[in-house]
Amino acid sequence: MKIDQIVSFVSRLIYYIEEKNTSFDKAFIYTRNDLKVKRPLRLYYVIGRDVVSKYFFLRDIAREFFGRASRKNIVRTWIVLYGENYAELREATLRLKKKLSKRGKVVSPEALLEELSCGEKLSVKYSVPLWIVEKLSKYMSFQELEQLFSSMAEETVWLRVNTLKISVREAMDYLTRKHVEVELDEDYEFMLRVKESRAPVYALKYVREGKLVIQDKGSVAIVDALTLERNDYILDLCAAPGLKTSLIFQLLENQCRVLACDISWDRIKIMKKLLRLHGVDLSKVDVIKADSREVFVRKGCGVTKVLVDAPCSSSGVMSKDPAIRIQLSLPNIVEKYSNLQRSLLEAALSLPEVHSIVYSTCSILPEEGEKVVDYFVSKGYKCLTRTIGSSGYRGFLCSTKVKRLFPHIHGTCGFFVAGLAD
């Protein structure tokens, strides 16, 4: 395989992430279609994902190797450092390294890291924007930050046993037959942590049939915070794609109602299909397409609990989509989301007869967690969160009353959860 083919493909992929703000998978599809590549797609996917996951690390070294960190030079840098691990690239990689050696451009990455400050070193080593490292260093030591970012480099896969369709015992027996090693969770008896699997978990028949659901444990903790009771009528303000709505019905054995709101018809269609697959009684799901900031629920309709799983920077789920690392390069993206999150909570708190609201984000940043909740606590709203997790970041009014989940502590993605009431 020619190096130019890899460089052309992956640099185009990075273009879509940087300029079009797409997820990694969407960028991959767009690039594949643009360049009309049919094979070897698996190799392109693996290399592309690794390049994007190491983006900041490769960018800094590319400046040393090639003088500037263009997209193509970032990919060439990856080839110099890792290309020999792939039989298809080994010969071409050796030629490129020889060429750089003659120019005296080969630099040890370890030597480069040694020249950096603690914060810069973490940013480059784990490909996390420096501003995030500097912000979180106010709440964590550099040692704990390294544990956090190291954990975020590896994705932990969780499976929810959909007890509307299958028992935990049946699920365990099936996974054993399929050579998938799992362990039972200590907090939620229907949750399984995947330790090893011969094949991709998403390809399992029971996953395709909705008997097993790929869902992070942190997402389950958010629903747990609703303190569900039979016959609850819950408003899910940002419902699609429907995993949390599905879990609500599972936990209450379809003995509840949910008013599911989303702004996108396409996402609503996906949600309906997923809920049907998961065995949810669709006659008990009321769906509305609307901007959740403008939803009005009439008095006497029975809604007493609201779930606000708000759009956010997704800084807590970098392990699931490496493109998020690049999209977080500019901190102003967080301000946009925090304003939206506050608006959603204001709308939820203004609804009549609602006595319990759960607010959550998949973010590790205080601007999308403690700072949003503190705004409402300062106005007299009560905050109490009943679910698993650690306390919030120190120094806020709500610090001891909210929950955070971290990959290096809880084995989940990074989540923030808060319960609010008037």
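Listed values, structure above:
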| quantity | calculated |
| --- | --- |
| Number of the condition not met by residue 139 [criteria: (1) in contact with an Asp or Glu (Cβ under 9 Å, 6 or more places away or on another chain); (2) surrounded by 13 or more Cβ atoms within 10 Å (Cβ to Cβ); (3) in contact (Cβ under 8 Å) with a residue 12 or more places away in the chain] | (1) |
| Whichever residue in region 1-21 is of a type in the set (S, T, N, Q) and either modelled with pLDDT of 95 or more or in a helix (DSSP H, G or I) (or both) and, among such residues, is nearest to residue 51 (Cα to Cα) | 11 |
| Evaluation of residue 66 against (1) crowded, with 18+ Cβ neighbours inside 10 Å; (2) touching a residue at least 40 places away in the same chain (Cβ under 8 Å) (one fails), failing number | (2) |
| Filtered residues of region 59-72 (kept if assigned to a helix (DSSP H, G or I) and at pLDDT below 95) | 59, 60, 61, 62, 63, 64, 65, 66 |
| Sole exception among (1) closer than 22 Å to residue 415 by Cα; (2) at pLDDT below 95; (3) of a type outside the set (A, V, I, L, M, F, W, C) for residue 264, by number | (1) |
| Enumeration of residues in region 187-197 that are in contact with a Lys or Arg (Cβ under 9 Å, 6 or more places away or on another chain) and assigned to a strand (DSSP E or B) | 191, 192, 193, 197 |
| Scope region 73-91; condition buried (at least 19 other Cβ atoms within 10 Å of the Cβ) and in a helix (DSSP H, G or I); matching residues | 73, 74, 75, 76, 77, 78, 79, 80, 83 |
| Region 14-37: number of residues that are among the hydroxyl-bearing types (Ser, Thr, Tyr) and at positive phi | 0 |
| Members of region 187-202 found to be surrounded by fewer than 19 Cβ atoms within 10 Å (Cβ to Cβ) and within 20 Å of the chain's Cα centre (by Cα), listed by number | 193, 194, 195, 200, 201, 202 |
| Residue within region 364-377 that is β-branched (Val, Ile, Thr), touching a Leu at 6+ places or on another chain (Cβ under 6 Å) and under 25 Å from residue 138 (Cα atoms) present | yes |
| Filter pass, residue 80 being among the aliphatic types (A, V, I, L, M), in the same structural domain as residue 15 (by TED's automatic domain parsing) and at pLDDT below 85 | no |
| Among residues of region 295-310, those that are part of a strand (DSSP E or B) and of a type in the set (A, V, I, L, M, F, W, C), counted | 3 |
| Region 151-186, residues that are within 13 Å of residue 412 (Cα to Cα) and either surrounded by 19 or more Cβ atoms within 10 Å (Cβ to Cβ) or not hydrophobic (A, V, I, L, M, F, W, C) (or both) | 151, 152, 154, 155, 156, 158, 159, 185 |
| Conditions (1) touching a Gly at 6+ places or on another chain (Cβ under 6 Å); (2) surrounded by 20 or more Cβ atoms within 10 Å (Cβ to Cβ); number of the one not met by residue 274 | (2) |
| Identity of the residue in region 141-186, in a loop (DSSP other than H, G, I, E, B) and under 21 Å from the mean Cα position of the chain (by Cα), that ends up farthest from residue 318 (Cα to Cα) | 185 |
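The values are calculated or read from the model by the stated rules, or taken from the named source; none is laboratory data. Note that this is a predicted model, so its numbers are computed, not measured. So basically every Cβ, Gly included, is an ideal-geometry build from the backbone, and we count neighbours across all protein chains shown.
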